[in-house]
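Working notes, beginning with the structure itself.
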Amino acid sequence: MREYRCTRNALYLHNCTGRDDIRERQGHYIWAESEEEAWQKMATRFPEETEAGFTVQEWESFDVTVVEIKRDENGNTIE
């Protein structure tokens, strides 16, 4: 199994950053055996959008570390 990042090609109807540019969309992360299977899973979730299609890309997850930066009342970083 591989992870795929899938985005919907149909234009969004609401006003947002990804409305007209699919590169701005977060996408759906789907585990599948192939790109075709990932596409089919998207088609199951969004059957009304199969005509516009979906963009499917192989994806490799990565770990993210969140670090809290504290500041004093003057805006200086507290070590």
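The values are calculated or read from the model by the stated rules, or taken from the named source; none is laboratory data. Fair warning: this is a prediction, and the values are worked out from it, not measured in the lab. All Cβ positions, even for glycine, are placed from backbone atoms using ideal geometry, and neighbour counts span all protein chains on display. Please note that ligands, DNA and RNA were not included when accessible areas were found on the heavy atoms of the full protein model with its side chains. Shrake-Rupley method; radii C 1.70, N 1.55, O 1.52, S 1.80 Å.
General observations
- Filtered residues of the range 23-53 (kept if open to solvent by 100 Å² or more (accessible area, probe 1.4 Å) and either of a type outside the set (D, E, K, R) or closer than 13 Å to Asn9 by Cα (or both)): Arg23, Glu24, Gln26, Trp31, Gln40, Thr44, Glu48, Glu51
- Cβ separations smaller than 6 Å between residues 6+ apart or across chains give the following pairs from the range 28-43 residues that are of a type in the set (Asp, Glu) to residues that are in a strand (DSSP E or B): Glu35/Val56.
- Scan of the range 54-79 for residues that are out of contact with any helix residue (DSSP H, G or I) (no Cβ under 8 Å at 6 or more places or on another chain) and surrounded by 10 or more Cβ atoms within 10 Å (Cβ to Cβ), ordered by number: Gln57, Trp59
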